[in-house]
Amino acid sequence: MGGKILLAGIEIPGIRGFDVYRANGGYAAVEKALREMTPAQVNAEVTRSGLRGRGGAGFPTGLKWSFLDRKSDKPRYLICNADESEPGTFKDRYLMHHLPHRLIEGLIISSFALGVKTCYIYIRGEFKYLVGVLEKAIAEAHHHGYLGEHILKTDFSLNIYVHPGAGAYICGEETALLESLEGKRGNPRIKPPFPAFKGLYGCPTVVNNVETLATVGPIIGMGGEEYSKLGKGKSTGTKLISACGNINNPGVYEIELGLPVEDFIYAPEYCNGIANDKYLKAVIPGGSSVPILPADLILSTAKGEKRLMSYESLSEGDFLTGTMLGSGGFIVFDEDACIVRNTWNLAHFYRHESCGQCSPCREGTGWMEKVLYKIEHGQGKMSDIDLLVRISKNIEGNTICPLGDAAAWPVASAIRHFRHEFEEHVLHPAEVLEKERRLSASFAV
Amino acid sequence: MFKVTIDNQQVDVEEGTTILQAARMIGGKVVPPAMCYYSKLRGSGGKCRTCLVKVAQSSAKDPRPMPKLVASCSTPVQDGMVVQNLTSPEVVEARKAIVEFLLLNHPLDCPVCDQAGECDLQDLSFRYGMEETGSEEDRREFPVTDIGDKIKLHMNRCILCYRCVYTADQLTDKRLHGVLYRGDVSEIGTFIQQAVTNNFSGNMIDVCPVGALTDKTFRFKSRVWFLNPMNAHRDCPSCSGNVTAWMFGNEIYRVTGRKNQYGELEEFICNECRFEKKDPGDWVIEGPRHIKRQSVISANHYERMKKQSVIKPIEGIMEDPE
Ligand SMILES: Cc1cc2nc3c(=O)[nH]c(=O)nc-3n(C[C@H](O)[C@H](O)[C@H](O)COP(=O)(O)O)c2cc1C
Ligand code: SF4
Ligand code: SF4
Ligand code: FES
């Protein structure tokens, strides 16, 4: 156990409100940053902490902040990406729901570090119930002088606005998010220019994930050095993992990075093993777009080392035998799960969510979905399996935004590790369909 | 000035030039095909991915290759950049794949499509495409609709290049035309069937690389290759009045803007010139227009370009018919 940092205090009744949060040490980090530190010092602490983006790509936050165009005389913006729509990922909503002030605190300190006066929380449209929670927290912080003009009687002023999206996964991609925030169709932008130079309304902008920004408070509180001692190697600190699928204890867990995957799956304080005493078959460890791994490869690397919950260990072996930590959406499949059906389901999602701007993604996602549908429903051919591999290759790397890759990887990895299951569907469609029918009937009971 | 090398040919260009623009300065085979970029439309490009190229060396300072293929129309050059177009097998492969994607849902109804013969997608498929598709799926279908009283929209043929959207946005004062829905069910449409009535809306037909937007005053009147394109002009109060009049004998079948070798309009023309002036008496006919493209209309009766290619084409790529 790494001790809870991000979720510290979550069990305290009333922690969602300002008074209880404040009484339990809340906003001390804001006072420390604004009263005792310069923006440059805050930046330095974040860099020292080794914090990496929690939105999926794991890009070092300090480095990202250093790219912000500080020479421009235009206003700068900080955007908190709360669009969380990737299947399997449900950690940000949990944090915002139970500890909204932790996020507000992080936003204040980050804005101070970046010289930002206006910050937007772009929140997924379906999280309507959270808009009120966040707006209440913002109002409370205003009331107590932590937001608005001259915060804590310093020169620093900040306003935070909550902007609900209209419910499109693609609006989580940072430049599509900016378009949507500007009131346009949420199509990802062609880069360059990058948001650090031309972001919201053409002004220098930083976009970070909810969890990333919420971590900034604790980092300032404990010091970057101290934070960097948590975790393992370049995976410092703690990370929220949302675990779901065939496990005994689905939920959101804060783990210290470097925890063995095996412990995470079987330890009673985390997933507590596979439900109904079944065997583990496969895991998608980082949200639906990262490669799926079979049980043996998720528990240990191809080299035979224990696989750890860290950026480096999960990607050990690259895509051939590894995967990614991604956003921390940990999806577990037991022995009964049908990989083909699951892959088709994901392909369906990506097809539906493609913005349709670039041809490989627009056409390729639809094509993969149709072919997978046929295989799953007993109308596939052997050659369809290689066709899927070819389509996924042709999409990968050739698109405007990473949604294309995100659609290609699940298909490619499922075939890489579970080709026999696809072949089974082609060769013995009647048996496979019958088995699936029996299983779904047993669920219905 | 930046030095850039594309398929072994060097050119000096201003800072801020894109790879595609630099390639066009060299000309010939090093120029990647562009289905969505349109130099006169701000913000266009980056979408179709036909112009993908390999950056073998990022710059003189940073000799590393770029990890992925990049869209040449929207990637600015660096000093000392080395780019591969047809000299990279990876690019040739990717381009084949992109053509396959573009044709995946295309109806291939060229025999009844007014654009046939001057269609960028046809040309692209001939040059870079495969002989057959791996797809056995049904193609998506949309009803044929009207955009105003002069323009027909065949959404089935659309490749979603967004050129018409930028045209509507930048040439007309109130945009009523855009993309609806998303993914492979996206469609070009007008807001609740409103007519696009602006005097420059007809240019959408000319910027459309395929037969998705066609001229209702010309539909099904003739195949384009039976017509003679003539440069013509008139004194027009709204536009330059410089057009191409497509004639058969003494009759004008249709009027379009004048397109350059990349299929881009030299100038946008007004709807009156395009749709209303079909009497030869309306125009001063200057003479035949040279069409320097490899499409069907130029194949028969127009001049052949001098052989210009200097690079060795990779096997499997069609010889330039120019
Ligand atoms: C299709 C797509 C969807 C995304 N959705 C989200 C999201 O819901 N939340 C998020 O934080 N990042 C999302 N991202 C990643 C963002 O583009 C961006 O990298 C991230 O917000 C940066 O924050 P970080 O550096 O703190 O991780 C998405 C990316 C893509 C390509
Ligand atoms: S990759 Fe897909 S989602 Fe991203 S810009 Fe292209 S079509 Fe849109
Ligand atoms: S209608 Fe034509 S110009 Fe418009 S997006 Fe489709 S292909 Fe492009
Ligand atoms: S012309 Fe470059 S992507 Fe379409």
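Every number here is computed from the coordinates shown, using simple stated rules; none is lab data. Everything quoted here is computed from the prediction, not taken from an experiment. Cβ coordinates were reconstructed from backbone atoms using ideal geometry, including for glycine residues, and neighbour counts include every protein chain displayed.
Take the alpha carbon atoms of segment A:18-229, find their radius of gyration, then divide it by 2.2 N^0.38 Å using N residues; give the quotient. Before the final figure, lay out the partial values.
On the way: Rg = 15.9 Å, N = 212, 2.2 N^0.38 = 16.8 Å.
Cα Rg divided by the expected 2.2 N^0.38 Å: 0.94.
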Summing -39500 (n - 2.57) over every DSSP H run of at least 4 in chain A, dividing by its residue total and rounding to the nearest 500, the 222 nm mean residue ellipticity is -13500 deg cm²/dmol
Give the separation of the Cα centroids, segment A:165-193 to segment A:5-83, in Å.
23 Å
I want to verify a result. In a Gaussian network model of chain A, Cα cutoff 10 Å, which of these has the top mean-square fluctuation: A:N276, A:N208, A:N398?
A:N276
Project the alpha carbons of segment B:2-99 onto their principal axes and report the range along each, largest first, in whole Å.
33, 30, 24
Please report, to two decimal places, log10 I(q)/I(0) for segment A:76-122 at q = 0.14, 0.23 Å⁻¹ as given by the Debye formula with identical point scatterers on the Cα atoms and no solvent.
-0.37, -0.84
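Tell me, what is a quarter of the convex hull surface for the C-alpha atoms of segment A:339-436, in nm² with one decimal?
On the way: hull surface 21.3 nm².
Here the figure is 5.3 nm², rounded to one decimal.
Hey, any idea what Rg/Rh is for segment A:136-256, computing Rh the Kirkwood way over Cα pairs? Walk me through the numbers before you get to the answer.
On the way: Rg = 18.2 Å, Rh = 17.7 Å.
Radius of gyration over Kirkwood radius for segment A:136-256 works out to 1.03.
What share of Cα pairs, in percent, lie more than 40 angstrom apart in the protein assembly as shown? List each step's numbers first, then the result.
Numbers: 122895 of 293761 pairs.
Of the Cα pairs, 42 percent sit more than 40 Å apart.
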Could you give the nm distance between label points at A:R22 and B:D149, where each point is 7 Å from its Cα heading toward the beta carbon?
6.9 nm
Using 1/(1 + (r/R0)^6) with R0 = 45 angstrom and r between the beta carbons of B:A56 and A:T38, what's the FRET efficiency to the nearest 0.05?
0.55
Rounded to two decimals, the Debye log10 I(q)/I(0) of segment A:238-334 (Cα scatterers, no solvent) at q = 0.13 Å⁻¹ is -0.35
When chain B is modelled as a GNM with alpha-carbon springs shorter than 10 Å, which of B:Q261, B:Q21, B:Q115 fluctuates the most?
B:Q261
What are the residues whose amide H is under 5 Å from the amide H of B:M35, where those residues sit 5 or more places off or on another chain and H is modelled from the backbone?
B:T50, B:C51
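When DSSP beta bridges are limited to those with both residues in chain A, what percentage is antiparallel, rounded to the nearest 5? Could the numbers behind the result be given before it?
Numbers: 20 of 41 bridges.
So the antiparallel bridges in chain A amount to around 50 percent.
Take every DSSP beta bridge whose two residues both sit in segment A:238-334, then give the antiparallel share in percent to the nearest 5.
On the way: 16 of 20 bridges.
About 80 percent, rounded to the nearest 5.
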Low-density loop cleavage sites - GluC sites (Glu not before Pro) in segment A:263-325, where at most 16 other Cβ are within 10 Å (DSSP):
A:E269, A:E305
Count the net charge of all other residues whose Cβ sits under 12 Å from the Cβ of A:V283, scoring Lys and Arg as +1 and Asp and Glu as -1.
-1
List the residues, sorted by chain then number, that are 5 or more residues from A:T323 or on another chain and whose placed amide H is less than 5 Å from its amide H.
A:S315, A:E316
In whole Hz, what ³J(HN,Hα) sequence does segment B:65-75 give by Karplus (6.51, -1.76, 1.60; θ = phi - 60°), x for Gly and Pro?
x, 7, x, 10, 5, 10, 6, 5, 6, 10, 10
Which of the listed residues, B:P143, B:P67, B:A94, is farthest toward the dipole's positive end in chain B, when Lys, Arg count +1 and Asp, Glu count -1 at the beta-carbon?
B:P67
Using a Gaussian network model of chain B whose springs link C-alpha atoms within less than 10 Å, name the residue from B:C110, B:C164, B:C273 with the highest mean-square fluctuation.
B:C110
I need the Kirkwood Rh of segment B:151-256: take the reciprocal of the average 1/r across all distinct C-alpha pairs and report it in angstrom.
15.1 Å
Around A:H150, with a cut-off of 15 angstrom between Cβ atoms, what is the net charge of the other residues, counting Lys and Arg +1 and Asp and Glu -1?
0
Loop-resident chymotrypsin sites (Phe, Trp or Tyr not before Pro) in segment A:279-367 with no more than 12 other Cβ atoms inside 10 Å, DSSP not H/G/I/E/B, are A:Y279
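I want the antiparallel fraction of DSSP beta bridges within the protein assembly as shown, as a percent rounded to 5. Before the final figure, lay out the partial values.
Working: 57 of 81 bridges.
Just about 70 percent of them are antiparallel.
With Kirkwood's inverse mean 1/r over C-alpha pairs for Rh, give me the Rg to Rh ratio of segment B:103-215, two decimals please.
On the way: Rg = 14.3 Å, Rh = 14.7 Å.
Using only Cα positions, Rg/Rh for segment B:103-215 is 0.97.
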Could you tell me how many cubic angstrom of Cα convex hull volume chain B has per residue?
146 Å³
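State the three equivalent ellipsoid semi-axes of chain A, derived from the C-alpha gyration tensor as the square roots of 5 times its eigenvalues, in descending order and whole Å.
On the way: eigenvalues 307, 120, 73 Å².
In descending order, the three semi-axes are 39, 24, 19 Å.
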Spelling out what I want: for every residue of segment A:109-117, take phi, set θ = phi - 60°, compute 6.51 cos²θ - 1.76 cosθ + 1.60 (Karplus), and round to whole Hz; glycine and proline get x.
5, 5, 5, 4, 5, 9, x, 9, 10
Amide H contacts under 5 Å for B:L265, restricted to residues at least 5 apart in sequence or on another chain and with H modeled in the peptide plane, are B:N260
Rg(Cα) of segment B:225-298 divided by 2.2 N^0.38 Å?
1.03
For n ≥ 4 DSSP H runs only, could you compute -39500 (n - 2.57) per run for chain B, divide by its residues and tell me the 222 nm figure to the nearest 500?
-4500 deg cm²/dmol
With a 23 Å threshold on alpha-carbon distance, the violating pairs from A:K74/B:K40; A:K229/A:K281; A:K4/A:K32; A:K281/A:K435 are A:K74/B:K40; A:K229/A:K281
Work through the residues other than A:A302 whose Cβ is under 14 Å from its Cβ and net out their charges, Lys, Arg +1 and Asp, Glu -1.
0
